[in-house]
Structure formats: structure tokens, C-alpha cells
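Heads up, the thing below is written out as C-alpha cells.
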Amino acid sequence: MDEFHMQCVYMVSPTIHESNSKAYTPHIVSIGPYHHKPYYLSKEDNNFETMKKLKLKYVKGFINRTQLPMRELAARIKILEEKIRSCYVEPIKYKSNYFLKMILVDSSFIIEFLLRWHKLEDWLEKDPSYLNQGCKWILGMT
């Protein structure tokens, strides 16, 4: 299979962001380096801390599902680091270990979230708090 590679993750320009900042600002969960450790959070905003804990719970779920050690997942992402970085238009200034950890957590969260959503009925039986942990907001179920 031929590889198709290009920069595909863009940062919203400041002019556009300022015109409607709420539309371009994560409110529940942040994914990736452009929204990692959001600087715009008020101290009263604990959605991100709650979702950070949920992300880590999902990473554990993903590791349990795949039966792959964290070290092996990290090594696989490390192999792709330059390719992942090159997807972003703006240079990513995070150091390698920090960047790789962020990518590992965010990608594991997204995959596990989608797998659970796909089998929602099963997960509501296993984890009744699923829809109370921020997922209903992500899915627009409020």
C-alpha cells in the first residue's frame, strides 16, 4: 500500500479564534498538543481534571483489552514519532518523552472510547457511570 502523508492538523488562526473563541476552545476534553494543558482554564473549571482521570482509566482499559504492555505500546508510538509530528503544521515543542506520553494517552483514550461506544449496552452493564463521566457531553447527549 502506498503511503499518503501530509500535514493535516492545523491550528486555528488567532483572528478566527478571537471571532468565536468558544467554538474553538475545548470545554470537556482536550486532545493533542494544541490543546494540551489548556492555558485558558479557570481554577474553578474541573472538567479537564475529571476527564484527565477518565482518560487514564481508558488507557488502562485499552491496555487490558490489547494485553500489550505499556512499554510495547510506547515503543510502537516512538517508531512513529517523526511521522506523527510531521502531521502538525506548527512545530510541536514538547520534548520527545512528554510528547509520546501525550500521544499514547490521547490515542488510547480515543480508541477505547470508540470501542466502548460501539458496544454501549455492554459497557453500561459493566460501568453504569459511563454516561456520568463526561461521555454524554462528548457525544452531545446533554
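The values are calculated or read from the model by the stated rules, or taken from the named source; none is laboratory data. Note that the coordinates shown come from a computational prediction; the quantities given were computed from them, not determined experimentally. Glycine gets a Cβ as well: all are built from the backbone with ideal geometry, and neighbour counts include every protein chain shown.
Only residues that are in contact (Cβ under 8 Å) with a residue 12 or more places away in the chain, polar (S, T, N, Q) and closer than 19 Å to residue 114 by Cβ: list them for the range 46-91, please.
Answer for the range 46-91, where residues must be in contact (Cβ under 8 Å) with a residue 12 or more places away in the chain, polar (S, T, N, Q) and closer than 19 Å to residue 114 by Cβ: there is none.
If only one of 41, 73, 131, 104 is modelled with pLDDT under 90 and in a helix (DSSP H, G or I), which one is it?
Values: 41 fails: in a helix (DSSP H, G or I); 73 fails: modelled with pLDDT under 90; 104 fails: modelled with pLDDT under 90.
It is 131.
Report the residue count in the range 107-128 for those that are acidic (Asp, Glu) and either outside any helix (DSSP H, G or I) or modelled with pLDDT of 65 or more (or both). Can you show your working first?
Let us first name the residues in the range 107-128 that are acidic (Asp, Glu), namely 112, 121-122, 125, 127.
Now narrow it down to the ones that are either outside any helix (DSSP H, G or I) or modelled with pLDDT of 65 or more (or both): 112, 127.
Residues meeting the conditions: 2.
Among (1) of a type in the set (A, V, I, L, M, F, W, C); (2) under 18 Å from residue 31 (Cβ atoms); (3) part of a loop (DSSP other than H, G, I, E, B), there is one condition residue 54 misses while meeting the rest; what is its number?
It is condition (3) that residue 54 fails.
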